[in-house]
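**Student:** Attaching a single structure in structure tokens format; questions to follow.
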Amino acid sequence: MTPCAEYLPLLSDRAAGELAPADAARLAAHLAGCGACRAEGEALATVLSMAALPPPTERERSALAGLAEAIRLEQRRAGLRLRAPLRYAAALLAVAAAAAFLVAPTLARRAPRPAADEVAAATQAEAWEAPDADELWSDSDLAFDDGSAAAMAGADELALDVVLAEE
């Protein structure tokens, strides 16, 4: 015989001692007529009683009394230790930025400035013109000898033959 599936959660709650009074009355009425659920309820109570721990002693309570606060305090200290290098780096960056802010005007005054005639000459420079491709080719050192030109012509004829043969 198997217990009724809808009453299994109630049986578990009763064995754990957490059954609500309204559910307890409903379960008692069901257990009066269902032997399978009674047997399952007794088995659950037996298993949970074997797994139940004895109540803590006074010595155990005193050992655990400040544990939660000690853990929170240590976590806070660990967080501060992890953030300390970041704070030092931020402070160093702030000092470096302040020093750069104070020194920059001095360096800007000492920087060499171009003469007025150099600025005028740079603004009146000629407009850039694109070079002639034929002139560039003729100026380059690349040249085809007769053999390579013939080979290229032969390759073109071969490619044309292949295309014509496919059609």
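The values are calculated or read from the model by the stated rules, or taken from the named source; none is laboratory data. On a predicted model such as this, the values are computed, not experimentally measured, just so you know. Please note: Cβ atoms are built from the backbone with ideal geometry, for glycine as well, and neighbour counts cover all protein chains shown. The protein model used for the area step is the full one, side chains on, heavy atoms only, and it has no ligands, DNA or RNA in it. Shrake-Rupley method; radii C 1.70, N 1.55, O 1.52, S 1.80 Å.
**Student:** Pairs only if they're at least six apart or on different chains, beta carbon under 8 angstrom, first in segment 60-74 and at pLDDT 85 or above, second surrounded by 10 or more Cβ atoms within 10 Å (Cβ to Cβ) and assigned to a helix (DSSP H, G or I); list them, first residue then second.
**Tutor:** none
**Student:** Scan segment 10-24 and report the pairs whose first residue is without any contact (Cβ under 8 Å) to a residue 12 or more places away in the chain and whose second residue is open to solvent by less than 50 Å² (accessible area, probe 1.4 Å) and among the small types (Gly, Ala, Ser), with Cβ atoms within less than 8 Å and a gap of 6+ or a chain change.
**Tutor:** What qualifies is 13/20.
**Student:** Sticking with this one: Does segment 35-57 contain any residue that is in contact with a Cys (Cβ under 6 Å, 6 or more places away or on another chain) and at pLDDT 85 or above?
**Tutor:** yes
**Student:** Among the listed residues 66, 41, 79, identify the single one that is touching a Lys or Arg at 6+ places or on another chain (Cβ under 8 Å) and either surrounded by 10 or more Cβ atoms within 10 Å (Cβ to Cβ) or under 26 Å from residue 17 (Cα atoms) (or both).
**Tutor:** Selected residue: 41, the only one of 66, 41, 79 that is touching a Lys or Arg at 6+ places or on another chain (Cβ under 8 Å) and either surrounded by 10 or more Cβ atoms within 10 Å (Cβ to Cβ) or under 26 Å from residue 17 (Cα atoms) (or both).
**Student:** Across segment 1-34, what is the total count of residues that are hydroxyl-bearing (Ser, Thr, Tyr) and in contact with a Cys (Cβ under 9 Å, 6 or more places away or on another chain)?
**Tutor:** Matching residues across segment 1-34 total 1.
**Student:** Considering every residue within segment 52-62, establish whether at least one is hydrophobic (A, V, I, L, M, F, W, C) and assigned to a helix (DSSP H, G or I).
**Tutor:** Within segment 52-62, none of the residues are hydrophobic (A, V, I, L, M, F, W, C) and assigned to a helix (DSSP H, G or I).
**Student:** Being over 42 Å from the mean Cα position of the chain (by Cα) and either open to solvent by less than 90 Å² (accessible area, probe 1.4 Å) or under 30 Å from residue 14 (Cβ atoms) (or both) narrows it down to one of 85, 56, so name that one.
**Tutor:** Answer to the selection: 56.
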